[in-house]
Amino acid sequence: MSHTSNRADGDIVQDFLSVADLLEEPQLAQLYAYLAREGEATVQDVMDDLELAQGTAYSYVNRLVDAGVVDITDDEQPRRYAAREIDLTVTTAAGDREYTITPALIDAVGRRETDADIDTYIDRHGVAGLATALTYAVARERGEVTHRLMAEDLDISPLAAEMILQALRPVVHEHYGIGEDVRYDTEDGANV
């Protein structure tokens, strides 16, 4: 699901509303991210891997299918489901920033319930702030920025920058193919 200029306005609005559900409900985001990682899965796979009750798993999968962000890939039993690609660019209300909603951002939102640092960051800076932090996390893993530079750029404490960068590392590694062999000295952000 991409925002492209040749789509009807109604389609773009529907895409946004579907994605908004993912960003508002971490459980749905977590399920979407799981399906995006796995490629395809059955409801039984979802129940086993995400430790969801059967009714909850079916309810969530059906909500994502109805929202148009997950497709049924095999109608035979057991049905298989796959996440649609999401790449939607949004401009903040003030019009001063754009950010792109991607599976990586949805995955980060999905981790909100299990990662207090991500949860706190979203509470303080919103999903737009998390999207910005994710951009810095990718650059950090590539050795292009430090947590101190991020803190200065975003006018947050170096500790807050370091905490969110560390919390987003698994998301960056899973979605951007950047190796796990890079470690950082948390004092100055230098590669070790």
Report yes if some residue within the range 44-56 is surrounded by 19 or more Cβ atoms within 10 Å (Cβ to Cβ) and more than 13 Å from the chain's Cα centre (by Cα); otherwise report no. yes
Can you tell me which residues in the range 18-35 are touching a residue at least 24 places away in the same chain (Cβ under 8 Å) and open to solvent by 40 Å² or more (accessible area, probe 1.4 Å)? D21, Q27, Q30
Of the residues in the range 27-86, how many are charged (D, E, K, R) and touching a Pro at 6+ places or on another chain (Cβ under 8 Å)? 1
Which is among the polar types (S, T, N, Q) and in a helix (DSSP H, G or I), of T100, T120? T120
Test: residue in the range 113-128 that is modelled with pLDDT under 90 and within 20 Å of Y34 (Cα to Cα): yes
Here is a check on your reading of the model: is A131 within 23 Å of R37 (Cβ to Cβ) and at pLDDT 95 or above? no
Checked pairs for the range 129-153, first free of Cβ contacts under 8 Å to residues at least 24 places away in the same chain, second of a type in the set (S, T, N, Q) and surrounded by fewer than 24 Cβ atoms within 10 Å (Cβ to Cβ), C-beta under 7 Å and 6 or more apart or across chains, list as A151/S157
So how many residues does the range 76-128 have that are in contact (Cβ under 8 Å) with a residue 40 or more places away in the chain, of a type in the set (V, I, T) and loosely packed, with under 13 Cβ neighbours inside 10 Å? 1
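So, in the range 137-181, how many residues would count as being aromatic (F, W, Y) and modelled with pLDDT of 95 or more?
Result for the range 137-181: 0.
Are any of the residues in the range 172-182 in contact with a helix residue (DSSP H, G or I) (Cβ under 7 Å, 6 or more places away or on another chain) and of a type in the set (G, A, S)?
Going residue by residue through the range 172-182, those that are in contact with a helix residue (DSSP H, G or I) (Cβ under 7 Å, 6 or more places away or on another chain) are 172, 174-176, 178, 180, 182.
Filter once more, so that each one left must be of a type in the set (G, A, S): none.
Within the range 172-182, not a single residue is in contact with a helix residue (DSSP H, G or I) (Cβ under 7 Å, 6 or more places away or on another chain) and of a type in the set (G, A, S).
The values are calculated or read from the model by the stated rules, or taken from the named source; none is laboratory data. Being a predicted model, the structure only gives us computed values, none of them experimental. Note that we place each Cβ from the backbone using ideal geometry, even for glycine, and neighbour counts take in every protein chain shown. For the accessible areas, the whole protein counts, side chains as well, though only heavy atoms, and no ligand, DNA or RNA atoms are used. Shrake-Rupley method; radii C 1.70, N 1.55, O 1.52, S 1.80 Å.
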